[in-house]
1. Residues to consider are ASP50, ASP39, ASP10; find the one that is in contact with a helix residue (DSSP H, G or I) (Cβ under 8 Å, 6 or more places away or on another chain), among the acidic types (Asp, Glu) and open to solvent by 30 Å² or more (accessible area, probe 1.4 Å).
2. Taking only region 72-95 into account, find how many residues are over 20 Å from LEU15 (Cβ atoms) and at pLDDT below 90.
3. Cβ contacts < 6 Å: first residue within 16 Å of ILE120 (Cβ to Cβ) and in contact (Cβ under 8 Å) with a residue 60 or more places away in the chain, restricted to region 36-64; second residue surrounded by 15 or more Cβ atoms within 10 Å (Cβ to Cβ) and basic (Lys, Arg), any location; separation 6+ or different chain. Result?
4. Which fully enclosed strands (runs of 3 or more DSSP E) of region 1-92 have 1 or more residues being among the small types (Gly, Ala, Ser)?
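The values are calculated or read from the model by the stated rules, or taken from the named source; none is laboratory data. Note that this is a predicted model, so its numbers are computed, not measured. Neighbour counts run over all protein chains shown; Cβ positions are idealised from the backbone, glycine included. Keep in mind that these areas ignore ligands, DNA and RNA; they rest on the heavy atoms of the full protein, side chains included. Shrake-Rupley method; radii C 1.70, N 1.55, O 1.52, S 1.80 Å.
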Amino acid sequence: MVKKNILMIDDEEPLCKLVQMTLESMQRFKVTYATDPRDGIRIAHQLQPDLIILDLLMPYMEGSEVADQLMQTPDTAKIPIVFLTALADKNQVGGGTIGGRQFIAKPVTSSELVRRIDRILGTE
């Protein structure tokens, strides 16, 4: 089985490491992370991941700015992006989208995260 490459861009390194460890333990995912959104953009261009998990509030750039930059470049425009954020409540935002992009509300369980990733990637 070919592992799906996931790039996580979030300034909370402990969360990145936890997600990386959790997803990689399943033997289905390879997770790379960046705690600086500027590095995340560079890595996205180099890595061409299957999915980007992106925090909204970060130093230097907001997640929406990162997403906009990635969507404007042909080599990263088609990479699915899902926001992982504490700013949204699962019960307050209908349809699971913010600004037309899917989101996952923090805190999230491992099983919920995997279920959403599988749904986005079509690997359910």
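1. Details: ASP39 fails: in contact with a helix residue (DSSP H, G or I) (Cβ under 8 Å, 6 or more places away or on another chain); ASP10 fails: open to solvent by 30 Å² or more (accessible area, probe 1.4 Å).
ASP50 is the lone residue from the list that is in contact with a helix residue (DSSP H, G or I) (Cβ under 8 Å, 6 or more places away or on another chain), among the acidic types (Asp, Glu) and open to solvent by 30 Å² or more (accessible area, probe 1.4 Å).
2. 5
3. If the second residue must be surrounded by 15 or more Cβ atoms within 10 Å (Cβ to Cβ) and basic (Lys, Arg), the pairs left are ASP50/LYS4.
4. Numbers: elements: 4-9, 29-34, 51-54, 81-85.
Result: 29-34.
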